[in-house]
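Worksheet for the structure shown next.
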Amino acid sequence: MQIEVRPSLIVKSQGKNSVDLIWLSQLLKDIESGNSLVVASKRSGTSYRGAWGKLNEVEEALGMPLIVRTKGHGSKLTEFGSFLFKFIDEMQAGHLKYGHSYQETLLKEINQIQKAESARWKFLSSSDSIIQKAIREVKGFSLKIAGSGESLERLLNKEAHLAGYHVSDKQSSKAIFQRLSKNDIQIYPVMKRTQGLIVEKGNPLHIRSIDDLLNPKIRFINRQIGSGTRLLLDTLLIQEGIEPLDINGYLQEEFTHSAVANAILAGKADVGVGVKNIALENGLGFIPLKDEIFFIAMHDEMVAQPESSKLIRKIRSLSSDTPGYKAVSLNRQIKEWL
């Protein structure tokens, strides 16, 4: 899109018309330099009759003549006519000094509004690179990263149209499925992914299991409360009989899998829980802990939207081509989870 911001003179007559001051200035300059109104109007891209009409409107609005019509001698500018085109040129020079920033501001606002209007549906989802890639390729959704728990609560409260959540425990999955179904929410499994311990390249601290997190020399980085990954970790700690606060760094939190990987890369932590593909993408080590299912849940009215089906297909397609993931396309593939 190309937009040019330029000044106009608003002429109030019977209605409300505007005259492009750049056009008017050029017309007056041509007459000042000796051209007839016929030639000047042609050079301005306006018919002779149209130019006369606009000049008459300006003169009537300002109460000042711009041109002196002399029979047999053509047209000449009045003193005010000469002043006016010089005034316009000076005004335009000042406008050009700041006009570019005005145009940039206008275009930026237009683009932002168009983007907001194109994103008709709110999608809250647990952090996942596949979800983020799919949203970039399928138009119509605005994505906000949130924990699985928050995403589902916002969906149930009708503050979102869709929610993405993951579960690593079959009993928990069944409980969530039953609650959502009672609220007329449809659930679609889209992929299976592997969660585990992300460690430094080469695993120099020889971390092998959750038990190793009890070593006070190992610095752990956690996920935020409410995230599915935090729930997975806490469940594993209970199963192993480990007191969470005995882990060095248990209270240190990050909000995405990528943030956990970055903390390890930056040397701020030695280990954290995350998905396999993030470890691989960042050249880090990975110790698998548990597979989990990622679901997309949506209200009934969203099911009929073709974009919803397109989004689900895109997620499944991307997951089938990404290490650490496997596409899940049918409920019967995970019937024990529902």
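Read the figures in this text as sums done on the coordinates, not as results from a lab. Keep in mind that what you see is a predicted model, and the values were worked out from it rather than measured. Cβ sites come from the backbone with ideal geometry, for glycine too, and all protein chains shown count toward neighbours.
Projecting the Cα atoms of Val39, Ser319, Phe85 onto the dipole axis of the chain, where Lys and Arg carry +1 and Asp and Glu carry -1 at the beta carbon, places Val39 farthest toward the positive end.
Put simply, the amide H of Gly272, placed in the peptide plane, has neighbours under 5 Å in Ile198, Ile221, leaving out anything fewer than 5 places away on its chain. So which helices of the chain fit the span-like rule, where a helix is a whole DSSP H run, its Cα atoms reach 24 Å or more along the axis, and its mean Kyte-Doolittle is at least 1.0? The answer is none, since no helix passes both cut-offs. Around the Cα centre of the chain, unit charges on the Cβ atoms of Lys, Arg, Asp and Glu (plus for the first two, minus for the last two) sum to a dipole of about 1080 debye. Cross-link pairs exceeding 26 Å between alpha carbons, from the set Lys174/Lys290; Lys170/Lys268; Lys122/Lys335; Lys158/Lys314; Lys122/Lys310; Lys133/Lys276: Lys170/Lys268; Lys122/Lys335. Each principal axis of the Cα cloud of the chain was taken in turn, and the coordinate range along them, longest first, works out to 107, 46, 32 Å.
Once the cut-off is 22 Å, how many percent of the Cα-Cα pairs in region 107-220 end up in the long-distance tail? Counting pairs separated by more than 22 Å, the tail of P(r) holds 51 percent.
Over region 124-171, the pair-distance histogram of Cα-Cα distances with 5 Å bins from zero comes to 5, 23, 28, 23, 15, 5, 1 percent, rounded to whole numbers. Helical runs assigned H by DSSP (4 residues or longer) give the chain a calculated mean residue ellipticity at 222 nm of -14000 deg cm²/dmol, each run adding -39500 (n - 2.57) before division by the residue total.
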